[in-house]
1. Scan 323, 283 and give me the residue that is over 30 Å from residue 366 (Cβ atoms), in contact with a Gly (Cβ under 9 Å, 6 or more places away or on another chain) and not in a helix (DSSP H, G or I).
2. Would you please list the contacts, defined by Cβ atoms under 7 Å and residues six or more apart or on different chains, that run from a residue in the stretch 398-424 that is outside any helix (DSSP H, G or I) to a residue that is among the acidic types (Asp, Glu)?
3. Looking at 203, 224, 173, which one is part of a helix (DSSP H, G or I), of a type outside the set (Phe, Trp, Tyr) and surrounded by fewer than 19 Cβ atoms within 10 Å (Cβ to Cβ)?
4. Output the residues belonging to the stretch 245-258 that are closer than 16 Å to residue 29 by Cα, surrounded by fewer than 16 Cβ atoms within 10 Å (Cβ to Cβ) and aliphatic (A, V, I, L, M).
5. Scan the stretch 78-88 and give yes if some residue there is at negative phi and modelled with pLDDT under 80, otherwise no.
6. If you go through the stretch 245-276, how many residues are in contact with an Asp or Glu (Cβ under 9 Å, 6 or more places away or on another chain) and assigned to a helix (DSSP H, G or I)?
Amino acid sequence: MTSVRLRFVGLALCLSSALFSTTITAQSLTLGDAARLAARQNGGVDVARARVAQADARVLQRRGALFPDVAAGVQQAARTINTATFGFAFRGADGKPLLNPNGELLGPVPTVDIRYRIQAPLVDFASIGKWRAAQAAVSAASADVDAQAEGAAGNAAAAYVRAARADAQVSARIADSVLAADLLRIARDQLQAGVGIALDVTRAQSQLASTRAQLIMARNDRDRSKLELKRIIGMAFNAPLILADSLAGLPVDAQNPDERVALTQAADTRPDVRSLLAQGAAQKSNIDAIRWERTPQLGLVADQGEIGKSWSHLLPTYTWGVQLSIGLFDGFRRQSRVQEQTAAGREIDAKLRDLRAQSALDVRTALLDLAAAREQVDAARERLGLAEQEVSQAQERFRAGVAGNADVITALLSLNQARTLRNDALAAYQGARVSLARATGAVQQLP
């Protein structure tokens, strides 16, 4: 019986281990994975894609104006006519009116009319211009999708760094708690051996309680940061998420990227810059389309069918013609529309100039932050090493009974702060790295 039970427990452990490893593999994300996932399925990106679909539909509508309109109808009706509305009088050979001059009612006259009507544009530059403007609007909407995707990727990368920092803080507070628990154990052992004092135990208990409180806050911050990351990348809140990149495992480059290359990328290849350029091109297409409305329009109209008093006596009739129309004066509405579109184009140009200036500032600021954060990382690592050495030396003195645990607690507080500063420095560096990628439009290229 015991053997069977052990086999069952072993099988359950193997299955749970396999399921757990599968879950980790399915939900494990690197920094670059999170950025690219947000670029694909963020809500703002979906909204931008819906706008592209709307713009595509408008292209079909504009192109439809270049095709013939075909309509068919069948009408069976009866009508009466007041002869006074003819505007003239029918007279007989004797000169007398055949119909009452004051009018008389004729009918009802039954009619059956089967009609086909075709109206086709032959030359319509205005509709062609509107079609091309709609195509330019699709290009602008597609560029906006890229801009939205890059923005979502940047937000996801920044949220990933915050989540990685929160994970690192939890690990640091766990390490602090282990040291505090070890200190409490030593203090109790010394008290039982008669070589320690109760004050040392109280101090150790206080330190352990403090680190536990910090650990609770760190875990809450970690859970909140992961919820924020899941929201940005479009993941279900109850889905498990594993950060494949730890804060300490993310790269810290030895030198900054080339400033000239970064500024060129920021000025020309950023998705939001390309989006504004596409909007400007679409605006110019709208102006051209409005101006084409002044050109003559040539169209064909054909109307053919059969009409009669009854279904058994129908005669074919038709109407056809070629129509030339020219807009001579529209109350200056066309001119005001051109002015409106021109002003909108100037607005886009102003936004583009401001965006390029801001992107140049973002690049230079990110490079400065990278350099400063790299030095902070080196300083924080050095301080962390010294703090760990201080704790080790204080513990040796305390174990030897040379000193109380006040020095150890002071060293633990220093180590706690050093670990936090190390995490802050690493997070600042990775945040500056993400900022530089956002400034150059390369967030989705992060590894």
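The values are calculated or read from the model by the stated rules, or taken from the named source; none is laboratory data. Small disclaimer: the values here were computed from a predicted structure and weren't measured. Cβ sites come from the backbone with ideal geometry, for glycine too, and all protein chains shown count toward neighbours.
1. None of the others qualify; the one that does is 323.
2. Taking only residues 6 or more apart or on different chains, the pairs are 404/200; 405/200.
3. 224
4. Matches in the stretch 245-258: 248 only.
5. Yes; the residues of the stretch 78-88 include at least one that is at negative phi and modelled with pLDDT under 80.
6. So the count comes out to 6.
One line per residue, one yes/no per condition, for (1) over 32 Å from the mean Cα position of the chain (by Cα); (2) surrounded by 12 or more Cβ atoms within 10 Å (Cβ to Cβ); (3) over 30 Å from residue 295 (Cα atoms):
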site	(1), (2), (3)
332	yes, no, no
335	yes, yes, no
353	no, no, yes
364	no, yes, yes
